[in-house]
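Written below as structure tokens is the structure these notes are about.
The values are calculated or read from the model by the stated rules, or taken from the named source; none is laboratory data. Because the structure is a prediction, the values reported are computed rather than measured. Here the Cβ positions follow ideal geometry from the backbone for every residue, glycine too, while neighbour counts run over all protein chains shown.
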Ligand SMILES: [Zn+2]
């Protein structure tokens with residue numbers, strides 16, 4: 001198999017509407033209209049969220065799973081306020097038989113979050129909320145103070161621990177695939193994140209933390225898309241992280257391997273479309289996506305300057321381009337620290353991993 005996961009993903013969601021049907025306002029568990037209309041699966045990259053795009057509902061609370069791992073009971077002290085987990089729109093805010101005052105928020109990432117047993121709901125149906133915004137005063141039952149919290153996909157509850165580390169309250173930095181399978185939702189962590197976690201170092205313990213790009217000879221490197229211009233740089237676009245640089249020439253243009261190495265992935269991969277990862281013996285890893293064609297297979301050895309694919313717009317792309325990512329010793333970094341995209345030359349400096357990030361040294 002070239003790749004573990006082959007699903008054509010839903011590219012993006014329409015913004016959440018602020019009007020809801022009477023049924024949506026009266027039932028906690030209800031299908032999300034259109035969620036699986038274009039594909040039977042979608043993915044959310046939780047690693048790409050900025051720090052202000054996520055909040056644990058009760059930051060000082062203690063979280064335990066209950067209800068067959070469908071709910072979290074987050075215990076805290078009286079008077080605490082419950083926070084929205086992600087940005088979204090309130091779909092449901094009323095008293096429910098079992099969980100007292102309940103709020104359900106619909107998020108543009110396709111999920112819904114549920115906050116029950118509140119003493120008082122502070123938001124109304126149709127109201128837009130931001131991650132971390134106060135939405136309720138915590139309540140509870142039988143003398144205990146807690147919020148009953150759940151995460152839903154298409155009306156079905158998923159185990160919150162799949163997404164959140166209960167002890168630290170942190171969101172796991174991973175891409176998660178939600179797939180409709182009959183009436184159920186299957187949840188899987190994408191393999192790419194696992195591969196990245198392992199990074200380069202695991203299989204190459206002899207590489208050093210430093211790479212002097214000036215020492216590379218002419219035949220040891222190649223600019224991946226000669227003649228291109230940069231149409232989108234690496235870094236934050238508003239609150240969204242762009243994890244690579246977008247390079248554009250024309251459709252079906254040749255893409256070259258940046259260095260010698262081994263192809264560790266070549267397949268259709270979610271929003272990236274046709275995706276290639278090459279692992280290089282110098283400690284780098286380069287990623288290429290949106291190709292119209294991939295010419296290499298997993299396990300294949302390639303030389304710097306070898307054609308590996310053609311530019312395209314597969315996956316989440318509005319124009320034919322190359323989305324190029326650079327990783328050094330398992331850490332993703334700005335490809336402009338590797339190449340000068342104006343001159344198409346390697347940068348005359350040394351890449352160093354310091355404090356968990358890739359830095360350039362003269
Ligand atoms: Zn891109």
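Could you run through the stretch 45-95 and say how many residues are in a strand (DSSP E or B) and modelled with pLDDT of 90 or more? If you could, list the steps in order and put the result at the bottom.
Narrowing the stretch 45-95 to residues in a strand (DSSP E or B): 45, 62-66, 71-75, 81-83, 88-95.
Next cut, modelled with pLDDT of 90 or more only: 62-66, 71-75, 81-83, 88-95.
The number of residues fulfilling the criteria is 21.
Is it the case that some residue within the stretch 290-301 is under 17 Å from residue 213 (Cα atoms) and part of a loop (DSSP other than H, G, I, E, B)?
Restricting attention to the stretch 290-301, the residues satisfying the condition of being under 17 Å from residue 213 (Cα atoms) are none.
No, the stretch 290-301 has no match at all.
Kindly indicate whether any position in the stretch 316-336 is out of contact with any strand residue (DSSP E or B) (no Cβ under 9 Å at 6 or more places or on another chain) and under 21 Å from residue 43 (Cα atoms).
yes
Residue 237 passes all but one of (1) surrounded by fewer than 16 Cβ atoms within 10 Å (Cβ to Cβ); (2) at pLDDT below 95; (3) over 30 Å from residue 50 (Cα atoms); which number fails?
Failing condition for residue 237: (3).
Residue 265 fails exactly one of the following numbered conditions: (1) more than 16 Å from the ligand (Cβ to nearest atom); (2) out of contact with any helix residue (DSSP H, G or I) (no Cβ under 6 Å at 6 or more places or on another chain); (3) free of Cβ contacts under 8 Å to residues at least 60 places away in the same chain. What is the number of that condition?
Only one criterion is unmet by residue 265, namely (3).
Can you name the residue in the stretch 117-139 that is in contact (Cβ under 8 Å) with a residue 60 or more places away in the chain and part of a strand (DSSP E or B) and is also nearest to residue 67 (Cα to Cα) among such residues?
Checking each candidate, the answer is 138.
Testing residue 98 on (1) assigned to a strand (DSSP E or B); (2) out of contact with any helix residue (DSSP H, G or I) (no Cβ under 9 Å at 6 or more places or on another chain); (3) surrounded by fewer than 21 Cβ atoms within 10 Å (Cβ to Cβ), one condition comes back false. Which one is that?
(1)
Tally the residues that are within 16 Å of the ligand (Cβ to nearest atom) and either at positive phi or in a loop (DSSP other than H, G, I, E, B) (or both), restricting the search to the stretch 214-238.
Of the residues in that region, 7 qualify.
Among the listed residues 312, 271, 283, identify the single one that is on the phi > 0 side of the Ramachandran plot and in contact with a strand residue (DSSP E or B) (Cβ under 9 Å, 6 or more places away or on another chain).
Result: 283 is the single residue among 312, 271, 283 that is on the phi > 0 side of the Ramachandran plot and in contact with a strand residue (DSSP E or B) (Cβ under 9 Å, 6 or more places away or on another chain).
Do we find a residue being crowded, with 22+ Cβ neighbours inside 10 Å, within 16 Å of the ligand (Cβ to nearest atom) and under 24 Å from the mean Cα position of the chain (by Cα) anywhere in the stretch 333-346?
yes
Considering every residue within the stretch 246-257, establish whether at least one is assigned to a strand (DSSP E or B), crowded, with 23+ Cβ neighbours inside 10 Å and within 16 Å of the ligand (Cβ to nearest atom). Outline the logic, then answer.
Of the residues in the stretch 246-257, the ones assigned to a strand (DSSP E or B) are 246-248, 254-256.
Filter once more, so that each one left must be crowded, with 23+ Cβ neighbours inside 10 Å: 247, 255.
Adding the requirement that they be within 16 Å of the ligand (Cβ to nearest atom) leaves 247, 255.
So far as the stretch 246-257 goes, yes, one or more of its residues are assigned to a strand (DSSP E or B), crowded, with 23+ Cβ neighbours inside 10 Å and within 16 Å of the ligand (Cβ to nearest atom).
Output the residues belonging to the stretch 289-332 that are within 11 Å of the ligand (Cβ to nearest atom) and buried (at least 16 other Cβ atoms within 10 Å of the Cβ).
Result: 289, 290, 315, 316, 317, 321, 322, 323, 324, 325.
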